[in-house]
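These notes concern the structure reproduced below.
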Amino acid sequence: MQENTINQNTNSKYPEEEDFSFKKLFQKWINDFVYALQFWRILLFAGLIGGLISLSFVLMRPNTYTARLTFVVEESKAGGGSLASALSGQFGFDIGGLAGSNGVLAGDNVLELLKSYSLIKKTLLSAYNDSGSSSLADQYATIYGWKEKWKNSSKVAKEINFNANQKQFSRLEDSLLQIITKQIAEEELSISKPDKKLGFFEILITTRDERFSQLFSERILKFATDFYVETKTRRLRGNVDRLERRADSLGILLNRKTYSAADANLMLLDGNPAYSSSSVSAEISSRDKTMQGIIYSEIVKNLEISKTALIQETPTVQIVDSPEMPLKKNKLSKLLSTGLGFILASLITGLFIISKKKED
């Protein structure tokens, strides 16, 4: 008797769990759904409210425009591991990516370079219109309503302009420009490589101004290309400039020495044969002219070799697809948004009704 009592107490304390069944689960969902449909008027009203809110959001949301630019970087000289990379690529391996790349725009370096704050800032300070006074930053701040907001703000309380020709900015102007730069870099600018095996890169910029999106995508690539070429060819270009200055100075000296040698030869013809100074002077002038001519020819030869090397080292950034007007317009469908708002609001209301039933 005592044993039965203990077993009953144990079972009441630790009741057995019911076996899980998909059939029971589905039946429970159907029962909850049927129960919620009893309040169809409330569900319909909630859905209409949700649809109106969603429609209002679509109507108030400004349109945006996306500029898409694709380009490819062509290196004039192939790396030593290009053959190995090509062979390994047939078996699905990327040796080039593992070995790294020295080029600024080679490999995945372009993804970081084009999103660098300094490059975005330089692009924003370029001219927006033909007059050259208004910059892309001015247009961006105007379209997004920031200029009016800054003017009415107690911290700024004045009109802010980012002139394209301006070299120095105040601390306040720099801080506001950083806000624009940060928003573009983190929310509106996308740099990607669609296919890891190919050398194509894609720039996507989405803003509220169609012309701004087009100009920004083109300008940022131009500034990145200039930086790339200048960095890639800086050493060779410096060598070419040095050789050009040397060749110019030697050319001037050689011309002077040519006139000097001609004068010495003329004095030799008109001089007294009894004196040997005229012949010595003519021989020295001729020897100096010959030596300077040899040096000049070597300098010119090295200059041409350096120019050829500079051309070979200069990469080419080729635009494949440039953004053309009209740009892609990003606009939500009114009908689709209203339908989604209706369904979502009705679903949330139905779940709330079911939860209240379970509590009761």
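Only the coordinates and a few stated rules stand behind these numbers; no lab work does. Quantities reported herein were computed from a predicted structural model and do not represent experimental measurements. Don't worry about glycine lacking a Cβ; one is built from the backbone with ideal geometry, like all the others, and counts go over all protein chains shown.
Things to note:
- Nitroxide proxy distance, nm - points 7 Å out along Cα→Cβ at Asp130 and Glu244: 3.3 nm
- Of Lys193/Lys222; Lys147/Lys222; Lys122/Lys151; Lys197/Lys232; Lys121/Lys167; Lys193/Lys331, pairs whose Cα-Cα distance is over 20 Å: Lys147/Lys222; Lys122/Lys151; Lys197/Lys232; Lys193/Lys331
- Gained length - Met291 relative to Leu253, 0.36 nm times residue gap less alpha-carbon distance: 12.5 nm
- In sequence order, calculated HN-Hα J values of segment 33-44 (Karplus, 6.51, -1.76, 1.60; Hz; x Gly/Pro): 5, 5, 5, 5, 5, 5, 9, 4, 5, 5, 4, 5
- Net lengthening on full extension, Asn163/Glu187 (0.36 nm per residue, minus Cα-Cα): 6.2 nm
- Cut-off under 5 Å, modelled amide H: who pairs with Asp209 long-range: Tyr65
- A full extension of the chain between Phe200 and Thr231 corresponds to an added length of 9.1 nm, given 0.36 nm per residue minus the alpha carbon distance.
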